Amino acid sequence: MRITLSVNGEERSSEVEPRRLLVHHLRDDLGLTGTNVGCDTSSCGACTVLLDGESVKSCTVLAVQADGHEVTTIEGLAATAGASDGEGAAFHPMQRAFHEQHGLQCGFCTPGMVMAAVSLLKEQPHPSEAEVREGLEGNLCRCTGYHNIVKAVLAAADEGVPA
Amino acid sequence: MTATDAPGTSTGGAFGQRLLRKEDARLLTGEARFVDDLAIPGAVWLGMVRSPFGHATIGSIDTGAALAMPGVRAVLTGDDLAGAWTGPMPCAWPVTEDMKAPEHYPIARGKACYVGDIVAVVVADSRYAAADAVDAVVVDYDALPAVVDLEEAAGDRVVIHDGLGTNRSYTWTLSPDPDAVEAAFAGAAHTVSERYVQQRLIPEAMEPRGVAAVPGVYGGDLTLYSATQIPHILKVQIAATCGVPEHKVRVVAPSVGGGFGSKLNVYAEELIAVAVARRLGVPARWTESRSENAVATIQGRGQIQNMELAADAEGRITAVRASLVADMGAYLQLVTPGIPLLGAFLYHGVYDVPAYHFECTGVFTNCTPTDAYRGAGRPEATYAIERAIEALAREVGVDSAEIRRRNFIRADQFPYASIAGLTYDSGDYEPALDKALALIGYEQLRAEQQRRRDAGETRQLGIGLSSYVEMCGLAPSRVLASLSFGAGGWEAATVRVLPTGTVQVVSGATPHGQGHETAWSQIVADKLGIDPADIEVLHSDTAISPLGLDTYGSRSLPVGGVAVGMATDRIIEKCKVIAAHQLECSEDDLELVGNELRVRGTPGRNMTVQAVAFEAFTAHNLPDGVEPNLTAQVVYDPPNFVFPFGTHVAVVEVDTETGAVDLVDYAAVDDCGPQVNPMIVEGQLHGGIVQGAAQALWEEAVYDEDGNLRNASLMDYLVPSAAEVPSIRLDHTVTPSPTNDLGVKGIGEAGTIGAAPAVMNALIDALAPLGITDMAMPARPERVWSAIEDARRGSGPAGEGAS
């Protein structure tokens, strides 16, 4: 099937098998490998992207279901905030908060965790610690014990992250 | 902690700073490349056909239907690839001379010994085609009785490896004076006899494994990309097992998404990728699925521990006797048999004990092989002694903190020659305990606990302590030799100051989340007085970093980082030789202040390190006999392990009506000597503590009697999310190690080592009024609820047998 997605603001048109997962389409067809695959049961959240601005696990979405929709991946996140700062990299404020609060170690869960956190603050701009913890329940991290991830999300909320 | 606390470091200032990580930008923007992210033109995808039986003979393998599918290039069995291996898969740690080890090849032939054992490999044009074809390979299995229970396996009713004649691989004993142990128990005022089960755990690094073997078709060389902690060790083993000359092998670990020991191995899939790539002359790649990871990647723990203490009337421990049965799984992987023995010396923990006996029997089962998982032997040892000392406290009738104080090795006893044969480098245990109790508010919590008990509330409070010491920084090569380990324990570092004044550091350590690029930069920047941003740390590619022994056992900093510091010291020495020559002074007259080599007492006569580097590059005016360029390499073999320590306090709430346990607060005071980057130290502790708490409360690889893993997915295996755990309070003390120039100790495993016993002690403490003194891990609600019900009815054990 031929599908056309707006990915990080760019029209991308491709021929895909009907069964192709959105995450494999992003990674293998479009070369956007920042979105990771950490499980096969939609449990870990490493593949979280924004679909029309809302977080989805891109391993539970078929590429054809995203036809005609807007997808934002970690590669395109900074541009959504018009960001151009950071140490040699353009950071969205959430990315900067993760950097400043040491909210990542190996970095594999990080793209999905950041996208989930952006989506969380869109729904709840000023969450409590407990609300951040509940809100990120669908994203697993094995390195940080979540302590600094939670700090990062709360710090980003304090600064008023753009949705 | 400030840099000036650190012995042997300059006052450059970068050491000890909370420098934000250099690694972050690429990981935060998606620019980082993990193995599955690599674009490899022309690569074929591999799919593994795995045994669905725990124990079965393999009959015919029908590949016809798979081969007929579109995009499938080949299906290869163990027979097809038998000629691809020059030897079996390596077990580098034959712990005893008579250890029994089955021959283990990447693809099973004749018999499969665990669910997940590879019986054939599919080669296809895409990952989807490979996955489809795996399901189409028809293997004729004949199921055999399986053995999963450790003690049953030791009884040999079912023998897994016919040629060995038994499931018992080895028995290893450490018993410096058996008579002294007997005498201590005979004369004891109090004794404690406990049995603990260390359940099997799935490491669950967030990145599953991946591998890509890329042959140089014309050059005869081979590059292996692998999600591994050990590219250097893997290079040697590829040469040994696949017959590729070692000088033709390059191994690259690109960005690696966590390891926790699970990527400290030489895996079948790596060797299969090499074999297929060489046979077909094309790149061959494989990415593990999560459910595949659960059975195909090593698991951790898996022990039954019998733990006995003898003590005098005041509760001072006079002897420790520990006896283990350890689960090897179906085969011996790289260091499987040695893992329990990394704890063998630590069953008396932080306590001054005069008599000691340890023995461990390694047993095969029809389960995934075990091997190193965060802490590797030391969490098990710490759990046993820290649970047992609580039992002793109950027996003697003293408080948890008091029993520890009575037994601590005193500060004036360091360096401490332990009864188990170690020399603990440095320590001061009581201040860490005091600080941890203050941090958590111990007295107030005890008062609140009493209030809830008196009020008969359904949410009872429990407070649990754990004081640990661990041996890490693997390791002095001669000590490893005495333990029959198949390699050394040194680490290599190269520092180069380039002509334009920036610096490259080459490290043989292989980070996969630990932040070495940042920390190593701080060590060098501190000594050379230059900006950490002007330093690049290179690693994880055997072509760039040819010498190394990689990252595990909390060794990177106390071995690899120390080597970086030593190489930097050599750079400074060479700078002084060149600067003295050009400034026409004695080397002794030079001092390094910031990045300037100054002639003492002569303002204005100086050269920067960067200027010396340029002079060393042009070589126009060097002293006779001095080699051009400012570069230094050090290979450091540590004289001893290092021994970080600390006290953790966990607070749990137990709902006595449902058995639900909430970890509500946690304080840890750890001592790893001077901290290069406190932010990174804290991150290691946060993650480690949650992993340890997860063993106590949630995680267990559950096998049925046929050897099926019942919770192979992340839906069924409970890796905690942010919602399950609290924020963690941390503090530290600083007791430098005298064994290395930086005074540093490892911290990668300490959190995990301290956490599980603290949480379990808290849970048992909460239930103490019911008379409950034991609980098995993980303390799932139904297990806790059953224990409460049994206790209320006054029947049945609450512990290890109650699952």
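Here are a few things to note about the model shown:
- Residue order, fewest to most beta carbons within 10 Å, for A:32, B:583: B:583, A:32
- Extended-chain gain in nm, criterion 0.36 nm per residue less alpha-carbon gap, residue B:151 and residue B:183: 8.6 nm
- When both the stretch B:92-109 and the stretch B:362-387 are represented by their alpha-carbon centers, they are found 19 Å apart.
- Measuring r between the beta carbons of residue B:126 and residue B:306 and using R0 = 41 Å, the FRET efficiency lands at 0.20.
- Here residue B:411 and residue A:159 are evaluated by their C-beta separation; at R0 = 56 Å the FRET efficiency comes out at 0.80.
- Per-residue average of Cβ from other chains inside 10 Å of A:128-140: 3
- Full extension of the chain between residue B:711 and residue B:86 gives 221.4 nm of extra length, using 0.36 nm per residue less the Cα-Cα distance.
- Distance from the stretch B:451-469 to the stretch A:9-74 (C-alpha centre basis), Å: 47
- Evaluated on the stretch B:15-92, the Kirkwood hydrodynamic radius is 18.1 Å, with distances taken between all distinct Cα atoms.
- A simple packing score, the average count of other Cβ atoms within 10 Å per residue, orders the peptides B:441-452, B:18-29 as B:18-29, B:441-452, with the highest score first.
- 5 angstrom amide H check on residue B:660, placed H, neighbours 5+ away: B:655
- Inter-centroid distance (Cα atoms) of the stretch B:339-354 relative to the stretch B:512-591, Å: 34
- Förster-model FRET efficiency, 60 Å R0, residue B:664 and residue B:138, C-beta, rounded to 0.05: 0.65
- From most to least packed by mean Cβ count within 10 Å, the peptides B:626-638, B:252-264, B:423-435 give B:252-264, B:423-435, B:626-638.
- A P(r) calculated from all alpha carbon pairs of the protein assembly as shown, with 20 Å bins opening at zero, reads 14, 45, 35, 7, 0 percent.
- Within the stretch B:632-742, the proportion of Cα pairs with more than 21 Å between them is 56 percent.
- Chain B: Cα Rg divided by the 2.2 N^0.38 Å rule of thumb: 0.99
- Based on Cα contacts under 8 Å between residues 6+ apart, the stretch A:1-136 shows a relative contact order of 24 percent.
- Neighbour count of at most 15 Cβ within 10 Å plus DSSP loop: longest GluC sites (Glu not before Pro)-free window in chain A: A:1-86
- For chain B, the mean residue ellipticity at 222 nm estimated from helices alone is -8500 deg cm²/dmol, where every DSSP H run of n ≥ 4 contributes -39500 (n - 2.57) and the total is divided by all residues, rounded to the nearest 500.
- Taking amide H atoms as placed 1.01 Å from N in the peptide plane, the amide H of residue B:266 lies under 5 Å from those of B:334, each 5 or more residues away in sequence or on another chain.
- For the Cα trace of the stretch B:161-255, dividing Rg by the Kirkwood Rh returns an Rg/Rh value of 1.26.
- With the convex hull drawn over the C-alpha atoms of the stretch B:308-390, the volume per residue is 85 Å³.
- Pairs spanning more than 30 Å between alpha-carbon atoms, out of B:22/B:235; A:151/B:527; B:235/B:574; B:22/B:435; B:100/B:745: A:151/B:527; B:235/B:574; B:22/B:435; B:100/B:745.
- Full-extension gain in nm, residue B:166 to residue B:221, via 0.36 nm per residue minus C-alpha separation: 15.6 nm
- Radius of gyration, Dmax [chain A; alpha carbons; angstrom]: 15.2, 45
- Using C-alpha pairs below 8 Å separated by at least 6 residues, the relative contact order for the stretch B:488-588 is 34 percent.
- For a straight C-alpha distance cut-off of 17 angstrom, the aspartates and glutamates reachable from residue B:248 (same-chain residues fewer than eight places away being disregarded) are B:221, B:270, B:541.
- Average other protein chain Cβ within 10 Å of Cβ, residues B:711-723: 6
Each value in this text was obtained by applying a stated rule to the coordinates, not by laboratory testing. Small disclaimer: the values here were computed from a predicted structure and weren't measured. Note: ideal-geometry Cβ built from the backbone for every residue, glycine included; neighbour counts use all protein chains shown.
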